[in-house]
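Please read the structure below before turning to the comments.
Values quoted throughout were computed directly from the atomic coordinates according to the rules given, and no laboratory measurement underlies them. Model, not experiment: these values are computed from the prediction. When we count neighbours, we look across all protein chains shown, and the Cβ atoms used for this are built from the backbone with ideal geometry, even at glycine.
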Amino acid sequence: MTAFLAQPLKAPAESLFVVAVALWTGAVVFYSLLVLPTLFASMPSARAGEVAALVFPRYYHGGLLLGAAMLVSAAYLSATTGGSWRWVLLVCVLMLGAQAVSAFGVGPRMAVLRGDETARAEFMRLHGIAMALGTVVMAGGLGLLVSVRRLLGRP
């Protein structure tokens with residue numbers, strides 16, 4: 001009976017997962033590899049940092065929303081189909097955890113320190129942590145995108 005009830009929700013859960021991972025990963029790649037380098041190449045560093053800082057809260061919160069959608073859909077698919085979805089669920093938790101640390105810990109702390117030359121070393125240390133966390137999100141998302149056809153059972 002459970003399998004019968006789960007079947008009508010499988011396709012929407014798969015669609016939600018694919019859309020969320022594609023949007024989140026696309027946003028991370030676009031912002032990290034195109035927007036930020038363009039900002040810092042085309043204007044003074046301090047001004048580029050100010051502009052980037054305006055976007056980061058929405059960037060982080062958008063990622064959290066998409067990550068939550070991924071997590072819910074992956075949890076449903078893991079519970080109803082098992083298999084590789086259990087690993088996908090783990091990747092989603094890692095990605096969402098990295099985004100949450102950035103959104104609620106590292107990002108706000110960097111915002112407080114931004115522009116304070118006496119705190120430059122701490123700001124740069126946090127920047128390195130933010131980059132590492134962003135790499136976790138990007139690598140996880142790219143890995144899921146590469147695997148999505150196999151996960152959905154399509155050749």
Note: Val72 to Arg150 extended length (0.36 nm per residue) minus current alpha-carbon separation gives 26.1 nm
In the list (1) 18.1, 64; (2) 14.8, 47; (3) 23.3, 71, the entry giving Rg and Dmax of the Cα atoms in Å computed from the coordinates is (1)
Counting alpha carbon pairs within less than 8 Å and at least 6 residues apart, what relative contact order, in whole percent, applies to the chain?
-> 30
Roughly what would the spin-label model give for Met124 and Ser45, points 7 Å off Cα along C-beta, in nm?
-> 0.8
Relative to the chain, whose Cα atoms define the longest principal axis, helix 45-81 and its Cα axis are tilted in degrees, nearest 10, by 10
